[in-house]
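**Q** There's a structure below that I have some questions on.
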Amino acid sequence: MTIKEVQDELISDFELFDDWESKYEYIIDMGKQLPTMDVQYKTEENIIKGCQSLVWLHAYMKDGRLQFVADSDAIIVRGLVSMLVKVLSDQSPEDIAKADLYFLKEIGLHQHLAQTRSNGLASMVKQMRAYAYAFQAVE
Amino acid sequence: MLKTLDITAVRNDFPILNEVVNGKPLVYLDNAATTQKPKQVLDALAGYYGHYNANIHRGIHHLAEKATAAFEDSRKAMQQFVNASSSDEIIFTYGTTDSINLVAQTFGRSFLGKGDEIIISTLEHHSNIVPWQMLCEEKGCILKVIPVNEEGELDMAAYQQMLSENTKLVSVVHVSNALGTINPIKQIIDQAHTVGAKVLIDGAQACSHLEIDVQALDCDFYAFSMHKIYGPTGIGALYGKRSLLEAMPPYRGGGEMIKEVTFEKTTYNELPYKFEAGTPNIADAVASKFALDYVNQLGKEHIAAYENELLAYATQAMADIPGLRIVGQAKQKVSVLSFVMDGIHHQDIGVLLDQQGIAIRTGHHCTQPLMQRFGLSGTSRASFAVYNTIEEIDALISGLHKVKRMLG
């Protein structure tokens, strides 16, 4: 699936919910389902520090496609992290670098990206793109 | 017998309390971060800009005179608010942080040297830690820290032990922003004075709850911010004893703070102006008087009595939530409730309460060393002001039950 297709699928998933509770319960569920990151990747270099919660991000290439593994110590951020991984992982560095990320806004979760200091999500997206640029340059 | 405040009438003075957040009526419980402003303050700001905006102390025209008079009236209001002996001892700053930095940069750089000791406490906000670390780095002073017990109270025996002839400054918080602890500052000040040390009190969290009398306390400096006392942001004050302020050099150069300028030599203005370089924050200073008048009119003892009722009610109600633990159980507290919930990250609590229109603060509250002391990365904090109600606390409690159900 393309980045656009994954985003559109997430958006249609969220269209099923008509109140904040079921929406957030779904995010919390995704947070719970995200596999715990292997401790060997939970290194100081892989930490993206938010003011309140932490995000870990690890990236590697497989068959010309960039793979992301991520985790967070807060469950809602974990759910959002899992969505970002779903959207951007297993794509070519070129596509990740130029991807238009519109799904959070469409779902009405854009404020979480805007809270740059508190949860580190915006920095995570920046870091994912930085990996994409770096792997593009290597190739 | 205390009169009972008419809280409905009080709430009507605060237009922002009618806001709707995420489809729910706003429940604002983040008052330790900043309080909301009554319409008396909002009107004062609009009144200043709409009717007598002018630069102060210089012009001779009508508007300048009126603005200058209002600005200086606010200084007098602040003087009375903390019971300073003269309005010359009230320096306008942009807030508590600025006031503390002023003392560090002038008193500290002039009178402290290598090996001199500065005592702070584990309860301090970063704004009462970092300026002293910067000074210690520059001057070779030594920073000592009073520990706290499990309840979040200062270890006064340890403090007594720390004091020596090397102690030059004690800088402690009056009321902890993270835990609500009221510190025994009179005792701290008296003991510091026995070894000849000066004392700065960070009053940011105290002024909206407690009576402040700098003469009775005999503190050397007292710092506070208006935005935590129902006033505007970007304005606050440093109280300092006249003899100290006279001895301290100015640290910002510019207009207003000078007596005479030539290229060879500049002489400085008298107190308080020598510390107020440049055009000050006139509008917010002017509106500050209206905030203090508002507090005085309600009466601090009535405000405190009512807030204590809210605190007692909330403390009791939270004890009934399984897995919730209150952090900071000092015997003397203002209306601040810091808590953690088993297995739930504080940020998740904040996000899910926000969805229900409830504003609290989550995180380390700019007190990372204090959080480390309790082995926490952060807490959730609800803090109450005079316009909060029992119904709002009920909303918080049911909100927390919902958080627990969703994350459990």
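The values are calculated or read from the model by the stated rules, or taken from the named source; none is laboratory data. Here the structure is a predicted model, which is why all the values come from computation and not from measurement. Neighbour counts are summed over all protein chains in view; Cβ atoms, including those assigned to glycine, are modelled from backbone coordinates with ideal geometry.
**Q** Has segment B:164-181 got at least one residue that is free of Cβ contacts under 8 Å to residues at least 40 places away in the same chain, more than 20 Å from B:Ala104 (Cβ to Cβ) and among the hydroxyl-bearing types (Ser, Thr, Tyr)?
**A** Scanning segment B:164-181, I find no residue that is free of Cβ contacts under 8 Å to residues at least 40 places away in the same chain, more than 20 Å from B:Ala104 (Cβ to Cβ) and among the hydroxyl-bearing types (Ser, Thr, Tyr), so the answer is no.
**Q** Within segment B:216-226, does at least one residue satisfy the condition of being in contact with a Ser or Thr (Cβ under 9 Å, 6 or more places away or on another chain), farther than 20 Å from B:Thr35 by Cβ and surrounded by fewer than 16 Cβ atoms within 10 Å (Cβ to Cβ)?
**A** So far as segment B:216-226 goes, no, none of its residues is in contact with a Ser or Thr (Cβ under 9 Å, 6 or more places away or on another chain), farther than 20 Å from B:Thr35 by Cβ and surrounded by fewer than 16 Cβ atoms within 10 Å (Cβ to Cβ).
**Q** Let me ask something additional. I'd like the residue in segment B:263-318 that is part of a helix (DSSP H, G or I) and polar (S, T, N, Q) and, out of all such residues, is nearest to the chain's Cα centre (by Cα).
**A** First, the residues of segment B:263-318 that are part of a helix (DSSP H, G or I): B:273-275, B:282-298, B:300-318.
Filter again for polar (S, T, N, Q), leaving B:288, B:296-297, B:308, B:315-316.
On the way: B:Ser288: 14, B:Asn296: 17, B:Gln297: 20, B:Asn308: 18, B:Thr315: 23, B:Gln316: 27 Å.
The residue in question is B:Ser288.
**Q** Follow-up. For B:Ala104, state whether it is hydrophobic (A, V, I, L, M, F, W, C), crowded, with 23+ Cβ neighbours inside 10 Å, outside any helix (DSSP H, G or I) and in the same structural domain as B:Gln191 (by TED's automatic domain parsing). Quick ask: steps written out before the conclusion?
**A** Numbers: hydrophobic (A, V, I, L, M, F, W, C): yes; crowded, with 23+ Cβ neighbours inside 10 Å: yes; outside any helix (DSSP H, G or I): no; in the same structural domain as B:Gln191 (by TED's automatic domain parsing): yes.
In short, no.
**Q** Among residues belonging to segment A:53-70 that are within 13 Å of another protein chain (Cβ to nearest Cβ) and surrounded by 23 or more Cβ atoms within 10 Å (Cβ to Cβ), point out the one that is nearest to the chain's Cα centre (by Cα).
**A** First pass over segment A:53-70, keeping only residues within 13 Å of another protein chain (Cβ to nearest Cβ): A:53-55.
Right, trim to surrounded by 23 or more Cβ atoms within 10 Å (Cβ to Cβ) and you get A:53, A:55.
Numbers: A:Ser53: 15, A:Val55: 10 Å.
So the residue we want is A:Val55.
**Q** Within segment B:156-171, track down each residue that is touching a helix residue (DSSP H, G or I) at 6+ places or on another chain (Cβ under 9 Å), surrounded by fewer than 24 Cβ atoms within 10 Å (Cβ to Cβ) and within 18 Å of B:Pro369 (Cβ to Cβ). Give the steps one after another, and end with the answer.
**A** Of all residues in segment B:156-171, those touching a helix residue (DSSP H, G or I) at 6+ places or on another chain (Cβ under 9 Å) come to B:156, B:159-160, B:163, B:167-171.
Now restrict to residues that are surrounded by fewer than 24 Cβ atoms within 10 Å (Cβ to Cβ): B:156, B:159-160, B:163, B:167-168.
Residue satisfying the conditions is B:Tyr159 alone.
**Q** With the condition kept exactly as written, say whether any residue in segment A:34-42 is in contact with a helix residue (DSSP H, G or I) (Cβ under 6 Å, 6 or more places away or on another chain) and part of a loop (DSSP other than H, G, I, E, B).
**A** Yes, that holds for at least one residue.
**Q** Continuing with the same structure: From (1) touching a Ser or Thr at 6+ places or on another chain (Cβ under 8 Å); (2) closer than 16 Å to B:Gln332 by Cβ, pick out the condition that doesn't hold for B:Thr181.
**A** Every condition holds for B:Thr181 apart from (1).
**Q** Name the residue, out of B:Ser377, B:Ser398, that is within 26 Å of the chain's Cα centre (by Cα) and either at pLDDT below 95 or within 14 Å of another protein chain (Cβ to nearest Cβ) (or both).
**A** Details: B:Ser398 fails: within 26 Å of the chain's Cα centre (by Cα).
Checking each option against the conditions leaves just B:Ser377.
Per-residue answers, yes or no, for (1) in contact (Cβ under 8 Å) with a residue 24 or more places away in the chain; (2) away from chain A (no Cβ under 14 Å); (3) under 27 Å from B:His125 (Cβ atoms):
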{"site": "B:Leu5", "(1), (2), (3)": "yes, yes, no"}
{"site": "B:Lys24", "(1), (2), (3)": "yes, no, no"}
{"site": "B:Val27", "(1), (2), (3)": "yes, yes, yes"}
{"site": "B:Asn31", "(1), (2), (3)": "yes, yes, yes"}
{"site": "B:Lys39", "(1), (2), (3)": "yes, yes, no"}
{"site": "B:Gly50", "(1), (2), (3)": "no, yes, no"}
{"site": "B:Phe71", "(1), (2), (3)": "yes, yes, no"}
{"site": "B:Ala77", "(1), (2), (3)": "yes, yes, yes"}
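**Q** Moving on to the next point. If I filter segment B:62-106 down to residues being touching a strand residue (DSSP E or B) at 6+ places or on another chain (Cβ under 7 Å) and among the polar types (S, T, N, Q), which single residue comes out as nearest to B:Pro280 (Cα to Cα)?
**A** My answer is B:Thr93.
**Q** Do we find that B:Ile91 is crowded, with 21+ Cβ neighbours inside 10 Å, closer than 17 Å to B:Gly240 by Cα and in the same structural domain as B:Gly231 (by TED's automatic domain parsing) in this structure?
**A** Numbers: crowded, with 21+ Cβ neighbours inside 10 Å: yes; closer than 17 Å to B:Gly240 by Cα: yes; in the same structural domain as B:Gly231 (by TED's automatic domain parsing): yes.
So B:Ile91 fits the description; yes.
**Q** Just for segment A:27-43: of the residues that are surrounded by fewer than 16 Cβ atoms within 10 Å (Cβ to Cβ) and within 14 Å of another protein chain (Cβ to nearest Cβ), which one is nearest to A:Ser72 (Cα to Cα)? Step through it out loud before you land on a result.
**A** Step one: of segment A:27-43, the residues surrounded by fewer than 16 Cβ atoms within 10 Å (Cβ to Cβ) are A:29, A:32-33, A:35-36, A:38-40, A:42-43.
Now narrow it down to the ones that are within 14 Å of another protein chain (Cβ to nearest Cβ): A:29, A:32.
Numbers: A:Asp29: 14, A:Lys32: 11 Å.
Within segment A:27-43, the match that is nearest to A:Ser72 (Cα to Cα) is A:Lys32.
**Q** Right, here's the next one. Please state which of the following conditions B:Ile56 fails to meet, knowing it meets all the rest: (1) in contact with a helix residue (DSSP H, G or I) (Cβ under 9 Å, 6 or more places away or on another chain); (2) within 20 Å of B:Ala395 (Cβ to Cβ).
**A** Every condition holds for B:Ile56 apart from (2).
**Q** Please state which of the following conditions B:Arg58 fails to meet, knowing it meets all the rest: (1) within 22 Å of the chain's Cα centre (by Cα); (2) surrounded by fewer than 16 Cβ atoms within 10 Å (Cβ to Cβ).
**A** Just one mismatch for B:Arg58, condition (1).
**Q** Go through (1) away from chain A (no Cβ under 14 Å); (2) within 16 Å of B:Gly152 (Cα to Cα) and name the single condition B:Glu391 misses.
**A** Failing condition for B:Glu391: (2).
**Q** Of all helices (runs of 4 or more DSSP H) completely enclosed by segment A:72-139, which ones contain at least 3 residues that are of a type in the set (S, T, N, Q)? Break it down into steps so the answer makes sense when it comes.
**A** Working: elements: A:75-88, A:93-98, A:103-107, A:110-114, A:116-119, A:121-138.
It comes to A:116-119, A:121-138.
**Q** Give me the pairs, please: first residue somewhere in segment A:12-25 and in a helix (DSSP H, G or I), second residue anywhere and of a type in the set (Ser, Thr, Tyr), beta-carbon distance under 8 Å, and either six or more positions apart or on two chains.
**A** Between residues of segment A:12-25 that are in a helix (DSSP H, G or I) and residues that are of a type in the set (Ser, Thr, Tyr), the close pairs are A:Asp13/A:Tyr26; A:Phe14/A:Tyr26.
**Q** Show the residue pairs that are 6+ apart or on different chains and have beta-carbon atoms under 6 Å apart, the first residue being within segment B:299-317 and in contact (Cβ under 8 Å) with a residue 24 or more places away in the chain, the second being surrounded by 14 or more Cβ atoms within 10 Å (Cβ to Cβ) and assigned to a helix (DSSP H, G or I).
**A** B:Tyr313/B:Ile393; B:Ala314/B:Ile393; B:Ala317/B:Ile397
**Q** Across segment B:195-215, which residue is surrounded by the most Cβ atoms within 10 Å (Cβ to Cβ) among those that are of a type in the set (Val, Ile, Thr) and part of a strand (DSSP E or B)?
**A** If we filter segment B:195-215 for residues that are of a type in the set (Val, Ile, Thr), which is where we start, we get B:195, B:199, B:201, B:212, B:214.
Narrowing the set further to residues that are part of a strand (DSSP E or B) leaves B:199, B:201.
On the way: B:Val199: 22, B:Ile201: 27.
Per the stated criteria, the residue is B:Ile201.
**Q** Which one of the conditions (1) in contact with an Asp or Glu (Cβ under 8 Å, 6 or more places away or on another chain); (2) surrounded by fewer than 17 Cβ atoms within 10 Å (Cβ to Cβ); (3) under 20 Å from B:Leu400 (Cα atoms) does B:Glu301 fail to meet, given that it meets all the rest?
**A** Unmet for B:Glu301, out of (1) in contact with an Asp or Glu (Cβ under 8 Å, 6 or more places away or on another chain); (2) surrounded by fewer than 17 Cβ atoms within 10 Å (Cβ to Cβ); (3) under 20 Å from B:Leu400 (Cα atoms): (3).
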